1. Per residue Cα convex hull volume for segment 38-98, in cubic angstrom?
2. Treating segment 6-125 as a set of equal point scatterers at the Cα positions, no solvent, please give the Debye-formula log₁₀ I(q)/I(0) at q = 0.12, 0.13, 0.19 Å⁻¹.
3. Tell me, in nm to one decimal, what length is gained between Ser375 and Leu93 on full extension, where the rule is 0.36 nm per residue of separation less the Cα-Cα distance?
4. Student exercise: in segment 6-125, how many lysine pairs 8 or more apart or on different chains have Cα atoms under 26 Å apart?
5. Once the piece of chain linking Lys39 and His183 is laid out straight, how much longer is it, given 0.36 nm per residue of separation minus the C-alpha distance between them?
6. Which net charge results when you count Lys and Arg as +1 and Asp and Glu as -1 among the other residues whose beta-carbon is under 12 Å from that of Ile21?
7. Just order 118-124, 40-46, 448-454 by mean Cβ neighbour count inside 10 Å, highest at the front, would you?
8. Based only on other Cβ atoms within 10 Å, what is the fewest-to-most ordering of Val133, Val52?
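Throughout, read-outs are computed from the coordinates displayed, never taken from laboratory work. None of these values were measured; they are calculated from a predicted model. Every residue, glycine among them, receives a Cβ derived from its backbone with ideal geometry; neighbour counts consider all protein chains shown.
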Amino acid sequence: MKTDTIAAIATAMTSSGIGIIRISGGQAFEVIEKIFKKKNGGKIDLSRSHTVQYGYICDQDEVIDEVLVLIMKGPHSYTAEDTVEIDCHGGVLMMKKILETVIQYGARPAEPGEFTKRAFLNGRIDLSQAEAVIDVINAQNEYALKSSVSQLKGKMSEKVKALREKIIYEIAYIESALDDPEHISLDGYGEELAKKLEPMVKELERLIASADNGKVMSEGVKTVILGKPNAGKSSLMNVLVGEERAIVTDIAGTTRDTLEEHIRLRGISLNVVDTAGIRDTEDVVEKIGVTKARTAAEDADLIIYVVDASVPLDENDRDIIEMIRNRKAVVLLNKTDLEQVVSVEELEKQTGHRVIPVSAKEETGIEELEKEIQSMFYQGDIDFNDEVYVTNIRHKTALTESLSSLKLVQKSIEDGMPEDFYSIDLTSAYASLGKIIGEEVDEDVVNEIFSKFCMGK
């Protein structure tokens, strides 16, 4: 059965060297036959797949552009359907003109994510791999990219399918034994199943625990810079960003509002917020800035506390120290290029955190700060060869549901419940894992996932 034919611009809608118009579906080849002419006037050759042909896109006698056309016969294409890609000159107007011509001769405009949706529906990729496609496109750092590529290659799918195979085996065994108790015995099965469940539970717990690192990879670390006025917060911000983004003066209270910047540090994305200096003040505007700083700190994944080494600690410092207690925080002893009245040892004792001496002015100690942040969130360098990191909240939810179901099986075994109780919860665990790869998922969920894709993918 032929599917309807869709088309879209697959490259960014901006001027570039090359633009790509993608066509997929049952009439993809018929459409290109109508609008493509070789340089010598001949028709396109559709006899062989995965070929590139040079010629012109034409609307009857009007030549629109000089192009290269790629022919890919299904199922050996991205969508597993007959697919054509037109490589044209990358002007926005030109790409729109060619797309209009393609639609005029039999295709319809593709919906966002429809090419990848067809790849999923046609069985070329599962749902977790489909989601990895958009993660690859949206990756903001090296770690996120590597993790997304790993998932695209099927690392998450392999883990999920392996767990589902183990679970379905036990379900089948229980059901068979209940149907044919004369030939299949369940004596001592509870103890045997308990031993099998233990490594499965541990694997699910490990995957769920990886979600924190996964969130950091995909979304970045919410980082807030705190400190008293004139501690050097804005100077540090400028050093991290690599340019003069924050206003720096010797006047305390210069920063009145939050300033947000996105930076990459050792492959990690940091969403950094520079805040107003925290102190008691009667200034109405500054007071609002202090309130904003406190609010930002409450929502932060990481707090960088900047202390002026040349000024004694006071009540404002003790207020901040309380804010960072039991939080992920890095303490920087700044202005170490000046005469110090606050020592590293004293500050470590007061805060309970490691203290790194720095000078934002001289740009010293910044490398140590980078290493510390990397270590805090990743416990060192991440190895992507074997590890799978959960970066998708939908996956984490499904894994959590599956874990809960397996723990219910363990509880049933401990309580000496009948074996059909095991089967009910094992089935729930199996179904929850199926949501990740798309085998147990509603059509509405599928549509919601692909609606978030960019056009042409």
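1. Residue-normalised Cα hull volume stands at 93 Å³.
2. Per q value, in the given order, log10 I(q)/I(0) is -0.39, -0.45, -0.99.
3. Contour length minus the Cα-Cα distance gives 96.7 nm.
4. Pairs that pass both the separation and distance tests number 21.
5. Details: separation 144, 0.36 × 144 = 51.84 nm, distance 7.41 nm.
Extra length from Lys39 to His183 when fully extended: 44.4 nm.
6. Net charge around Ile21: -1.
7. 118-124, 448-454, 40-46
8. On the way: Val133 23, Val52 10.
Placing the least packed residue first, the sequence is Val52, Val133.
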